[in-house]
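To start, the structure itself, in structure tokens.
Computed from the coordinates by the stated procedures, all read-outs in this text should not be read as laboratory data. This one's a predicted model, so the numbers in the text were calculated from it and none came from an experiment. Ideal geometry is used to build each Cβ from the backbone, glycine not excepted, and the neighbour counts take in all protein chains shown.
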Amino acid sequence: MRKPWVVGVLLAVVLLGACTDPSSGPEAGPPPLTSPEASATTHQRPVAPPSAPPGEPPTVLYLGDSLAMENQKVLGAELRARYTSAPHSGTTLCDYLEGSAERSLVPATDKAAALVRSLRPDYVVLQFWGNSWGYTPCMDGITYDASRDEYLERYAADARRLTEQIAAAGGSRRPRIVWVLQGPDPITPDRVRRVNALYEERAAASGDLVADAGRAVSPAGARYTWTQYLPCDAHERARPDYCTQPGRDRTALHRDDDHLHFCLAPTTSRPKPCPVRSPGILRMAREITRVIGEHVRED
């Protein structure tokens, strides 16, 4: 990165559309996309924050599953970068590998390497829960419940292959990958712990970055303990719409009927970005933004 850039923070975000897939937890996957051949890629022009010095903002590519699907508008607003998002609900790492088109929920145009070649991003943000229920065909039926060692070995291998494909596609301008660590899993908490460890190992091995967005939606001192509510933080207290129960000084992360997703609007059959202010989504987006911003300033 040759020119400095400062991450801007949007204080209020109003989203249009509907929320993520109707899955209520890891035991059930989302419905297939209506048109899997069509690209779900969205683009956003940069809006330079008032405090930013003159210079060219970085280009950020955001890929992932239903959590990325619901987060994508908020992250783009927080980054205010040259930003492209191409999430697909129900996916995992193998869906974004080139060579998996016939057994994938992601069309060839949205494969990670294809987007890197066309967009030349500075950062590729990867947010994957770790699809553990065998929904996507590219996992060949391997699930965490049935075969934990095989699932983790396969996941580590896919993380390595995806890193290699992104690096090769970037060539002399290899983008920095940002691995997003996930929040607590209410059903199999050790699974997320081990998947996050794989992300950290992969980032360390390839010189990439880690954004522990999952910590932002975890209780203090209990990183892998699931909770529906957390105490409001200073940012939320200053913005009542994000402190959902100000009288109890706590805010909601999940709906009563969905312990996995962070969108506080009812889910819909067609995955779309979250349409309402949701504290969990903003907390995670702010952490991803912080990590990228700090790296830009250091570069």
(request) Can you confirm whether the stretch 275-294 contains a residue that is over 18 Å from the mean Cα position of the chain (by Cα) and over 18 Å from Glu70 (Cα atoms)? (result) yes
(request) Mind listing whichever residues of the stretch 168-182 are of a type outside the set (D, E, K, R) and either under 15 Å from the mean Cα position of the chain (by Cα) or crowded, with 18+ Cβ neighbours inside 10 Å (or both)? (result) Ala169, Gly170, Pro175, Ile177, Val178, Trp179, Val180, Leu181, Gln182
(request) Please go through the stretch 159-192 and pick out each residue that is within 16 Å of Gly64 (Cβ to Cβ) and of a type in the set (Ser, Thr, Tyr). (result) Thr163
(message) Six or more apart or on different chains, Cβ atoms under 7 Å: show the pairs whose first residue is in the stretch 204-219 and in contact (Cβ under 8 Å) with a residue 12 or more places away in the chain and whose second is part of a loop (DSSP other than H, G, I, E, B) and small (Gly, Ala, Ser).
(response) Gly214/Gly183; Val217/Gly183; Ser218/Gly183
